[in-house]
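**Student:** Have a look at this one before I ask anything.
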Number of protein chains: 2
Amino acid sequence: VAVPDGAVVIAPWRPDVRHARAWLSRAVEPGNAEVYRFVSRYGPVDAVRRMRAGNAPDSVLRLAAARSGQDRSAHDLAEAARLSIRLVTPEDDEWPDDALSSLADATAAGVDNVAPPLALWVRGVRRLDHALARAVAIVGTRAATPYGSRVAADLAHDVTSREWTVVSGGAYGIDGAGHRGALAAGGPTVAVIAGGLRAPYPAGHAALFDRIADSGLLISEWPPDCPPHRYRFLVRNRLIAAVAAGTVVVEASARSGATSTALHAERLGKPVMAVPGPVTSVLSIGTHNLIREHQATLVTRASEVLELIGPMGESLAEPPRSERRPRDGLSPVAQRVLDGMPARAPVSPDAIAVESGIPVVDVLRCLPALELDGFVEATSAGWRLRASARR
Amino acid sequence: VAVPDGAVVIAPWRPDVRHARAWLSRAVEPGNAEVYRFVSRYGPVDAVRRMRAGNAPDSVLRLAAARSGQDRSAHDLAEAARLSIRLVTPEDDEWPDDALSSLADATAAGVDNVAPPLALWVRGVRRLDHALARAVAIVGTRAATPYGSRVAADLAHDVTSREWTVVSGGAYGIDGAGHRGALAAGGPTVAVIAGGLRAPYPAGHAALFDRIADSGLLISEWPPDCPPHRYRFLVRNRLIAAVAAGTVVVEASARSGATSTALHAERLGKPVMAVPGPVTSVLSIGTHNLIREHQATLVTRASEVLELIGPMGESLAEPPRSERRPRDGLSPVAQRVLDGMPARAPVSPDAIAVESGIPVVDVLRCLPALELDGFVEATSAGWRLRASARR
């Protein structure tokens, strides 16, 4: 069968795989390397069969111990379908292998607690792999200042306009401002939720989450009804850092979840960026610390972000804004000659020489060129600054 | 004769040296390496005699050409005395050899236009060498925002309180805020002026300059009546950078004199620091660029400045401010056990195990310790979170 471009192809021919992945997503908390390796080795169906039969390493069995008696996979999948939530698994076309490769690499290298997800519960109208192909994370404090919210929204708007997807955590404050800025630019945005998608946390963002799902995606590693336990935020943060090409922290207090996302990004070898703010704001302490400690690059606008994360040459930052003054093109000698002239009165080249400290021969050499450039004029009483050249 | 401690000793036994140095300060613009080497080689008296007789290298003669016919040294010294301005020369006790050594070193290494001063015109009640023994430059834009002015004043106040001298250029904006912050802390401050000290530029700071001279110093490389030509600001900036152990830029637009001072400091091998600000402020573009381009270290407060410039161990920055939450000391397992408990209802260890994903044996191992720490309590109906441990 020909599949329309952009269509989501769910592997309907492997219901046993879907059930096994759904079972795993409830039975074990995500991120664990041993479970990940066990599932990779035996495949999800056999891995689940072995875990439920007690035929797995103790370290793996322990992690699922309290939950392995249950099997709510059929219920979870039905409930998800009812809520327009789909389970995306590594066996599906839309599985974002590229976006998750940094987690696989770090796990292979022995980094703890950063294993790739075993499955993702997803709500929204995009293919997951397409949405994450060019993604940048914009994260920060929930207690954002008006300054931080504005900067996050502007940054999100501007990267979205250049066809990058903003990924964030859906929280109040900076996360929400980032998602809203992306939506304002008409682009998709992706919220990675800590807890299930039936009632994504925080409840106060329910309308925002609906708008995100209408053009982008909500993503979770947990079945729809799982509550957002605190440790789930930390596990979730690794996923935000992993699926984005780079992470921008907009405002963060000295200790914050945004900093944890930044540290994950650093550990995964991705660029970490931080937006400075007033030193008088406690909500910029975290970003300033990241910059001071060389854990983040200072960024002030979208072009600087894309310069760091974009493919080579795609998005160079404009040069810093600068105004050019008319006198700037002059040689130092010519500038000193002009400085040595009085504001209005005409003067002799000798007087200019004394005032400027430039030898009179050099003054005489300069003046005709300065006249051509419109800085000075010759009068019967001597040389005079033109009105337009006065400071 | 015994000289009282801190007294200024002017070498009255060498009036010829003073006149020669005064003559040089008018005849040649400061900073030139060839003139500096020529004077160093022949001594000031013989060097001036040779220059006036045309008996010097062409490159040296050219620099003084337009002015070498004059000798206003006696007049300049008398005028200075009348204005309580003294000429300090390398032959005087208070000459700040240490503070100027970076200029001598850079000149010896072939850097252009950073030669040490040939003499300094000084007004104020401190010995020059003492005032500059522990100095930090605080510079920035004239068009300072209220934010920048406040930060500059606070920074100046705080470093002054720790017995560092604030050096700046006496300009409107950040410079003035720095001087005022130092004065508010009761400390001396040093203004390095571009142009003569008879009417230091800008005239609107006349009252501030009087206050500075009452406890600190005004310094210039030019005789008292010399106007503040534009190029003199750039030459002056090398001196600010040189006499300070480090330079802090508080606010600066994309192109600014403060940036030139920072680049001088970098060239002289001194720490350059920059204070971030809102990315929405054009007056923080310059400081953000310095940080982005790794030309400056981001600093947010006095302790961070002194950590970079102070003698080792004298002034370590405090650790970043951070609040500690009661749950922070707990193991990840204990935190997950707490997260797995409902807000109010008592529950069984089995239910906690299912909710938290922690094996029941580990839950049972955790609970007594959590009870001792006051997080949970055992009731006849099961384990319950204590009110103080609820989120």
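The values are calculated or read from the model by the stated rules, or taken from the named source; none is laboratory data. For clarity, every value in this text was computed on a predicted model and none was experimentally measured. In this analysis, Cβ positions are derived from the backbone assuming ideal geometry, glycine residues included, and neighbour counts consider all displayed protein chains. Only protein heavy atoms, including side chains, enter the accessible area calculation; ligands, DNA and RNA are left aside. Shrake-Rupley method; radii C 1.70, N 1.55, O 1.52, S 1.80 Å.
**Student:** I want to confirm something. Restricting to the stretch A:285-334 and keeping residues that are at pLDDT below 75 and surrounded by 11 or more Cβ atoms within 10 Å (Cβ to Cβ), which single residue is farthest from the other protein chains (Cβ to nearest Cβ)?
**Tutor:** A:GLU314
**Student:** So, A:ILE358, is that one of a type in the set (A, V, I, L, M), touching a Lys or Arg at 6+ places or on another chain (Cβ under 7 Å) and at pLDDT below 90 or not? Steps first, answer last, please.
**Tutor:** On the way: of a type in the set (A, V, I, L, M): yes; touching a Lys or Arg at 6+ places or on another chain (Cβ under 7 Å): yes; at pLDDT below 90: yes.
Yes: the conditions hold for A:ILE358.
**Student:** Would you call A:THR160 open to solvent by 10 Å² or more (accessible area, probe 1.4 Å) and closer than 24 Å to A:VAL275 by Cβ?
**Tutor:** Details: open to solvent by 10 Å² or more (accessible area, probe 1.4 Å): yes; closer than 24 Å to A:VAL275 by Cβ: yes.
In short, yes.
**Student:** Go through the stretch A:350-368 and give me each residue that's open to solvent by 30 Å² or more (accessible area, probe 1.4 Å) and within 11 Å of chain B (Cβ to nearest Cβ). Outline the logic, then answer.
**Tutor:** Taking the stretch A:350-368 as the starting set, the residues that turn out to be open to solvent by 30 Å² or more (accessible area, probe 1.4 Å) are A:350-351, A:354-355, A:360-361, A:364-365, A:368.
The answer is A:ASP350, A:ALA351, A:VAL354, A:GLU355, A:VAL360, A:VAL361.
**Student:** If a residue has to be open to solvent by 70 Å² or more (accessible area, probe 1.4 Å) and under 59 Å from the mean Cα position of the chain (by Cα) to count, how many in the stretch B:369-384 make the cut?
**Tutor:** 4
**Student:** Right, next: Does B:ALA143 fit the bill of being within 14 Å of another protein chain (Cβ to nearest Cβ) and not basic (Lys, Arg)?
**Tutor:** Numbers: within 14 Å of another protein chain (Cβ to nearest Cβ): yes; not basic (Lys, Arg): yes.
In short, yes.
**Student:** Which pairs turn up if I take residues in the stretch A:27-46 that are more than 15 Å from A:VAL17 (Cβ to Cβ) and away from every other protein chain (no Cβ under 14 Å) and look for partners that are open to solvent by 20 Å² or more (accessible area, probe 1.4 Å) and of a type in the set (Asp, Glu) with beta carbon separation below 7 Å, at least 6 apart in sequence or on another chain?
**Tutor:** Going by the 7 Å Cβ cut-off, the qualifying pairs are A:ALA33/A:ASP112.
**Student:** Please tell me if A:ALA191 is within 14 Å of another protein chain (Cβ to nearest Cβ) and outside any loop (DSSP other than H, G, I, E, B). Spell out the reasoning first.
**Tutor:** Details: within 14 Å of another protein chain (Cβ to nearest Cβ): no; outside any loop (DSSP other than H, G, I, E, B): yes.
Spelling it out, it is not the case that A:ALA191 is within 14 Å of another protein chain (Cβ to nearest Cβ) and outside any loop (DSSP other than H, G, I, E, B).
**Student:** Same structure, new question: Inside the stretch B:115-130, can you point out the residues that are among the small types (Gly, Ala, Ser) and farther than 12 Å from B:TRP95 by Cβ?
**Tutor:** In the first step, residues of the stretch B:115-130 are kept if they are among the small types (Gly, Ala, Ser); the result is B:115, B:119, B:124.
Of everything in the stretch B:115-130, those that are among the small types (Gly, Ala, Ser) and farther than 12 Å from B:TRP95 by Cβ turn out to be B:ALA115, B:GLY124.
**Student:** Quick one: would you say A:GLY173 is under 20 Å from A:SER281 (Cβ atoms), in contact (Cβ under 8 Å) with a residue 24 or more places away in the chain and surrounded by 21 or more Cβ atoms within 10 Å (Cβ to Cβ)? Write out each step before concluding.
**Tutor:** On the way: under 20 Å from A:SER281 (Cβ atoms): yes; in contact (Cβ under 8 Å) with a residue 24 or more places away in the chain: yes; surrounded by 21 or more Cβ atoms within 10 Å (Cβ to Cβ): yes.
It is true that A:GLY173 is under 20 Å from A:SER281 (Cβ atoms), in contact (Cβ under 8 Å) with a residue 24 or more places away in the chain and surrounded by 21 or more Cβ atoms within 10 Å (Cβ to Cβ).
**Student:** Condition first: within 14 Å of chain A (Cβ to nearest Cβ) and not in a strand (DSSP E or B). Now tell me which residues in the stretch B:239-257 satisfy that. Steps first, answer last, please.
**Tutor:** Going residue by residue through the stretch B:239-257, those that are within 14 Å of chain A (Cβ to nearest Cβ) are B:248-257.
Passing the criteria: B:VAL250, B:GLU251, B:ALA252, B:SER253, B:ALA254, B:ARG255, B:SER256, B:GLY257.
**Student:** Out of curiosity, is A:ALA153 open to solvent by less than 40 Å² (accessible area, probe 1.4 Å), without any contact (Cβ under 8 Å) to a residue 40 or more places away in the chain, over 25 Å from A:ALA274 (Cβ atoms) and outside any loop (DSSP other than H, G, I, E, B)?
**Tutor:** Working: open to solvent by less than 40 Å² (accessible area, probe 1.4 Å): yes; without any contact (Cβ under 8 Å) to a residue 40 or more places away in the chain: yes; over 25 Å from A:ALA274 (Cβ atoms): no; outside any loop (DSSP other than H, G, I, E, B): yes.
For A:ALA153, the condition - open to solvent by less than 40 Å² (accessible area, probe 1.4 Å), without any contact (Cβ under 8 Å) to a residue 40 or more places away in the chain, over 25 Å from A:ALA274 (Cβ atoms) and outside any loop (DSSP other than H, G, I, E, B) - is not met.
**Student:** Going by what's in this entry, would A:ASP210 be described as in contact (Cβ under 8 Å) with a residue 60 or more places away in the chain, part of a helix (DSSP H, G or I), farther than 28 Å from A:TRP23 by Cβ and open to solvent by 10 Å² or more (accessible area, probe 1.4 Å)?
**Tutor:** Numbers: in contact (Cβ under 8 Å) with a residue 60 or more places away in the chain: no; part of a helix (DSSP H, G or I): yes; farther than 28 Å from A:TRP23 by Cβ: yes; open to solvent by 10 Å² or more (accessible area, probe 1.4 Å): yes.
Taking the combined requirement at face value, the residue does not satisfy it.
**Student:** List the number of the failed condition for B:SER220; all other conditions in (1) within 26 Å of B:THR297 (Cβ to Cβ); (2) open to solvent by less than 10 Å² (accessible area, probe 1.4 Å) hold.
**Tutor:** (1)
**Student:** Turning to a different aspect of this structure: Checking the condition within 20 Å of B:VAL275 (Cα to Cα), of a type in the set (Val, Ile, Thr) and in contact with a helix residue (DSSP H, G or I) (Cβ under 8 Å, 6 or more places away or on another chain), which residue from A:THR280, A:THR259, A:THR247 passes?
**Tutor:** On the way: A:THR259 fails: within 20 Å of B:VAL275 (Cα to Cα); A:THR247 fails: within 20 Å of B:VAL275 (Cα to Cα).
Being within 20 Å of B:VAL275 (Cα to Cα), of a type in the set (Val, Ile, Thr) and in contact with a helix residue (DSSP H, G or I) (Cβ under 8 Å, 6 or more places away or on another chain) holds for just one of A:THR280, A:THR259, A:THR247, which is A:THR280.
**Student:** A follow-up question, please. Do we find a residue being open to solvent by less than 40 Å² (accessible area, probe 1.4 Å) and free of Cβ contacts under 8 Å to residues at least 12 places away in the same chain anywhere in the stretch B:246-259?
**Tutor:** No - not one qualifying residue is present in the stretch B:246-259.
**Student:** With (1) open to solvent by 10 Å² or more (accessible area, probe 1.4 Å); (2) touching a Leu at 6+ places or on another chain (Cβ under 8 Å); (3) closer than 30 Å to B:MET273 by Cβ as the list, and B:ASN113 as the residue in question, which single condition is left unmet?
**Tutor:** For B:ASN113, the failing item is (2).
**Student:** Out of the residues in the stretch A:26-66 meeting the condition of being small (Gly, Ala, Ser), at negative phi and open to solvent by 10 Å² or more (accessible area, probe 1.4 Å), tell me which one is farthest from the chain's Cα centre (by Cα). Before you say what the answer is, go through the steps one by one.
**Tutor:** Looking only at the stretch A:26-66, we keep the residues that are small (Gly, Ala, Ser), and these are A:27, A:31, A:33, A:40, A:43, A:47, A:53-54, A:56, A:59, A:64-66.
Then keep just the ones that are at negative phi; that gives A:27, A:33, A:40, A:47, A:53, A:56, A:59, A:64-66.
Narrowing the set further to residues that are open to solvent by 10 Å² or more (accessible area, probe 1.4 Å) leaves A:33, A:40, A:53, A:56, A:59, A:65-66.
Working: A:ALA33: 25, A:SER40: 30, A:ALA53: 43, A:ALA56: 39, A:SER59: 35, A:ALA65: 37, A:ALA66: 37 Å.
That would be A:ALA53.
**Student:** For the stretch A:263-277, how many residues meet the condition of being in contact (Cβ under 8 Å) with a residue 60 or more places away in the chain and away from every other protein chain (no Cβ under 14 Å)?
**Tutor:** 6
**Student:** Another question, then. Regarding A:GLY186, is this residue in contact (Cβ under 8 Å) with a residue 24 or more places away in the chain and buried (at least 20 other Cβ atoms within 10 Å of the Cβ)? Break it down into steps so the answer makes sense when it comes.
**Tutor:** Numbers: in contact (Cβ under 8 Å) with a residue 24 or more places away in the chain: yes; buried (at least 20 other Cβ atoms within 10 Å of the Cβ): no.
Taking the combined requirement at face value, the residue does not satisfy it.
**Student:** Further question: Would you confirm whether or not the stretch A:118-127 contains a residue that is within 14 Å of chain B (Cβ to nearest Cβ), within 29 Å of the chain's Cα centre (by Cα), touching a residue at least 12 places away in the same chain (Cβ under 8 Å) and farther than 30 Å from A:THR287 by Cβ?
**Tutor:** Our first condition is that a residue be within 14 Å of chain B (Cβ to nearest Cβ); within the stretch A:118-127, this holds for A:118.
In the following step, the residues that additionally are within 29 Å of the chain's Cα centre (by Cα) were identified as A:118.
So of that shortlist, the ones also touching a residue at least 12 places away in the same chain (Cβ under 8 Å) come out as A:118.
Next cut, farther than 30 Å from A:THR287 by Cβ only: A:118.
Yes, because at least one residue in the stretch A:118-127 is within 14 Å of chain B (Cβ to nearest Cβ), within 29 Å of the chain's Cα centre (by Cα), touching a residue at least 12 places away in the same chain (Cβ under 8 Å) and farther than 30 Å from A:THR287 by Cβ.
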